[in-house]
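Asker: Before I ask anything, here is the structure I am working with.
The values are calculated or read from the model by the stated rules, or taken from the named source; none is laboratory data. Only a predicted model underlies this, so the values are computations on that prediction, with no experimental measurement involved. Positions of Cβ are backbone-derived with ideal geometry, glycine not excepted, and every protein chain shown enters the neighbour counts. Just so you know, the surface numbers come from the protein's heavy atoms only, side chains and all, with ligands and any DNA or RNA stripped out. Shrake-Rupley method; radii C 1.70, N 1.55, O 1.52, S 1.80 Å.
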Amino acid sequence: MLGVPGGKVFLVPWTEDWEKEFLTEKKEIESRIGHLIYGIHHIGSTAIKNISAKPIIDIAIEMEYENNTTATIQAFEALGYVHKSNTALPGRYYLTKGSPRTHQIHLYYSKGSRFLQEHLAFRDYLRTHDRDRNRYEQLKVELAGIYSNDRIAYAEAKSDFVKEILRKSGLLRS
């Protein structure tokens, strides 16, 4: 199952279909604009085995250079994505696909972006630390019950845990 209506928060159990969906989407993106891309990463909870998640595939894309943003956005639009305002997401462009939303792209034009490094460090840490992954899942389940109609409050309520994990990963200093 993929797709979450706007503003809603609900979790479903992890499935290997999410990895397959990411790889399918990655292949499609690479076939259209791969020559412009430095890296494509599966991020978010759907990229972490055995953790419940909102059924949306989060994709981080590093572009080699920002010389023609309009053409790049148009290439993603040809794949069914819609460019959204990026005021809430500093340092990146944000695009969504599907109604309800099934995919999200976080598009970075600076190789090694701090925001991307945080996404990858968080994902990688939870992939290898079962105890913290389980704690995160419990927190998400609790918060999804509280903030089922407010995805922004849901995300903000997880921020202290995210910072804790980033410190444990060595990316953030206390």
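Asker: Among residues belonging to region 59-83 that are modelled with pLDDT under 90 and among the hydroxyl-bearing types (S, T, Y), point out the one that is surrounded by the most Cβ atoms within 10 Å (Cβ to Cβ).
Answerer: Per the criteria, the residue is T72.
Asker: Filter region 131-151 down to residues that are open to solvent by 50 Å² or more (accessible area, probe 1.4 Å) and either touching a residue at least 24 places away in the same chain (Cβ under 8 Å) or aromatic (F, W, Y) (or both), then give me how many there are.
Answerer: The qualifying residues number 6.
Asker: Which residue out of L116, L120, L107 is assigned to a strand (DSSP E or B) and either acidic (D, E) or within 11 Å of the chain's Cα centre (by Cα) (or both)?
Answerer: Testing whether each residue is assigned to a strand (DSSP E or B) and either acidic (D, E) or within 11 Å of the chain's Cα centre (by Cα) (or both) leaves just L107.
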